[in-house]
Amino acid sequence: MDTLRLRGRVRPEGSVRVTAMGLLLFFGLAGPGFAAGCGQPLKPGLMEFTVKTGGIERPALAHVPAAYDGTTKLAVVFDFHGSNSGPAGQFRRSGWDAVAEHEGFVSIALQGSLDGQYEGTHAWNVPGVTHGGTHDDERYIADAIKTVKSKFCVDPTRIYASGYSGGGRMLSQYICNGHPEFAAAGFVMGLRAGYPVERDGVWQPDVASCKPGNPISIIAFSGMKDVTNPFAGGGKPYWQYGGETALQRWAELDKCEGKGNVIVDAMMTALSFNTCAGGARINSYLLKENTHAWPARSVLFRTFDANGKVTSERDATGRMWEFFKNARSPEETPLTAGDATERSG
């Protein structure tokens, strides 16, 4: 069996270049067959569409891969932007549209209802921790999922989600509030497990505020040098408890066995819970040199054959997709880190 090694390589942070093959108005394409989800192909590339929710229409962005033929049900990944960003900016940051094109699935970027600090940017009205928002972003996400399932030819059993920073916080709380649509979820600098509360001088997740509808596979990336959402805890009022606390709480929620396996590499520490209820699993990567930025190609995940030859090389987004594809499957390639020391703790 191939082994997946963790190798760090630092290079300047940058956005993944996106090729857009046309901006199309979604409802202008809708025909009788298309309205049922499957029935006709779409022009590949970026597509703007709207989601009817709470009596209004809200924008969203999709990337349709060239592999889309209107008859084959494809997987779909929802990509949640961070604060002071938006759907197009998030695609540039994460590269989910490029991965979708290469791997043949649909990627969707939604837009938070709050105005960001900069003109044309947005943020999420996260339940329980955001104050002053007038629109229901939780309902918007649920309605967006329904819209995508009805308007695109997608497999409802292969719907995944990825959240960055504030988008990760929004995604966390959406799942905490019992929504079961996502088969797996990924987080970059944003994993939470409920509202932060202080008890006896210690910040921790409020147990009552996180009751997921089912066990869910989670993959999370954190940066040791992230001062926006510190892995050690603290920061802004919406944050407070640390990333390790959030991970351990999700291990409890997923009813994972044991205390997790830890692999220490020169560039990262990997934590995994591989035996959880319903076949769920949890993978976490704490990147030692990363700040709050999306890891991109600052760290690479390489797969080797039996002769030590590199057979594939993926960045954080690619690794996330690999995890999604194998969610709830016992066949995923085991993690190793070369000569790193493995321990349980």
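The figures follow:
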| read-out | value |
| --- | --- |
| Selection status of residue 180, surrounded by fewer than 24 Cβ atoms within 10 Å (Cβ to Cβ), over 16 Å from the mean Cα position of the chain (by Cα) and under 24 Å from residue 216 (Cα atoms) | no |
| Failed condition for residue 207, given (1) under 23 Å from residue 112 (Cα atoms); (2) surrounded by fewer than 23 Cβ atoms within 10 Å (Cβ to Cβ); (3) β-branched (Val, Ile, Thr) | (1) |
| Residue count, segment 267-324 (criterion: in contact with a helix residue (DSSP H, G or I) (Cβ under 8 Å, 6 or more places away or on another chain), free of Cβ contacts under 8 Å to residues at least 24 places away in the same chain and open to solvent by 10 Å² or more (accessible area, probe 1.4 Å)) | 1 |
| Only listed residue being among the acidic types (Asp, Glu) and surrounded by 24 or more Cβ atoms within 10 Å (Cβ to Cβ), chosen from 115, 79 | 79 |
| Residue 257 part of a loop (DSSP other than H, G, I, E, B) and over 21 Å from the mean Cα position of the chain (by Cα) | yes |
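For every residue, the table says whether it meets (1) over 17 Å from residue 83 (Cβ atoms); (2) open to solvent by 30 Å² or more (accessible area, probe 1.4 Å).
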| site | (1), (2) |
| --- | --- |
| 128 | no, yes |
| 132 | no, yes |
| 136 | yes, yes |
| 142 | yes, no |
| 147 | yes, no |
| 165 | no, no |
| 173 | no, no |
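Listed here are the residues, each with its yes/no results for (1) hydroxyl-bearing (Ser, Thr, Tyr); (2) within 30 Å of residue 72 (Cβ to Cβ); (3) touching a residue at least 12 places away in the same chain (Cβ under 8 Å); (4) part of a strand (DSSP E or B).
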| site | (1), (2), (3), (4) |
| --- | --- |
| 138 | no, no, yes, no |
| 162 | yes, yes, yes, yes |
| 185 | no, yes, yes, yes |
| 190 | no, no, yes, no |
| 193 | no, no, yes, no |
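The values are calculated or read from the model by the stated rules, or taken from the named source; none is laboratory data. Here the structure is a predicted model, which means the values were calculated and not measured. Quick reminder, even Gly has a Cβ in these numbers, built from the backbone with ideal geometry, and neighbours come from all protein chains shown. For the accessible areas, the whole protein counts, side chains as well, though only heavy atoms, and no ligand, DNA or RNA atoms are used. Shrake-Rupley method; radii C 1.70, N 1.55, O 1.52, S 1.80 Å.
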